[in-house]
1. Which residue, Tyr80, Gly54, Phe118, has the largest displacement toward the positive end of the dipole of the chain when charges sit on each Cβ (Lys, Arg +1; Asp, Glu -1)?
2. Computed over the Cα atoms, what is the radius of gyration of the range 69-132 divided by 2.2 N^0.38 Å, N being its residue count?
3. Hey, can you find the accessible area per residue of the range 10-84 for me, probe 1.4 Å, expressed in square angstrom?
4. Gaussian network model of the chain, Cα springs within a sub-10 Å range: biggest mean-square fluctuation belongs to which of Ala57, Ala29, Ala16?
5. Charges at C-beta only: +1 for Lys and Arg, -1 for Asp and Glu. How large is the resulting dipole of the range 1-128 about its Cα centre, in Debye rounded to 20?
6. Binning at 5 Å from 0, report for the range 2-132 what percent of all alpha-carbon pair distances ends up in each bin.
7. Once neighbouring chains are kept in place and the probe is 1.4 Å, which whole percent of the accessible area of the chain is contributed by carbon and sulfur?
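The values are calculated or read from the model by the stated rules, or taken from the named source; none is laboratory data. None of these values were measured; they are calculated from a predicted model. Cβ sites come from the backbone with ideal geometry, for glycine too, and all protein chains shown count toward neighbours. All accessible areas refer to the heavy atoms of the entire protein, side chains included, with ligands and DNA or RNA removed. Shrake-Rupley method; radii C 1.70, N 1.55, O 1.52, S 1.80 Å.
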Amino acid sequence: KTAQAAIDKAIEVARAEYGKPACVAVYDANGLLMAFSRVEGALFRSVEISQAKGYTAVRMGVDTDIFLARLQRENLSIAYFCDTKMTALPGGVVLRNAAGEVVGGLGVSGMKAEEDAFVAREAAAFVQPQLG
């Protein structure tokens, strides 16, 4: 129920703010895909990218733009993390409960990186109160 609410909100924000279709993926705390949606017209490559963004947010415990900054700051290759499913593209956000524990991740793709990140954060903010 919460996963679908996050997807619905992300699609709504992407349409309202940018007039673009998007792909949205929601993961649980273990990095398992819970829900996914591709709006008609969203680019095929956005399917894998949205899923990688949500997965990475859970795996690393930070939003993907923060992960990207770390890679750049520490001059690290993403390959050092030994997980080919990860990406550092902005648009992946961590979902946390009221205690601050990571309970999932959400990934959005289909627009510019900063637009993906904005949409993901809006959807996360919308569902966070429902996460306990």
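1. Tyr80
2. 1.26
3. Spelled out: the 1.4 Å probe surface of the range 10-84, per residue, equals 57 Å².
4. Between Ala57, Ala29, Ala16, it is Ala16 that shows the largest mean-square fluctuation.
5. 120 debye
6. Percent of pairs per bin, in order: 2, 13, 24, 26, 18, 11, 5, 1.
7. 53 percent
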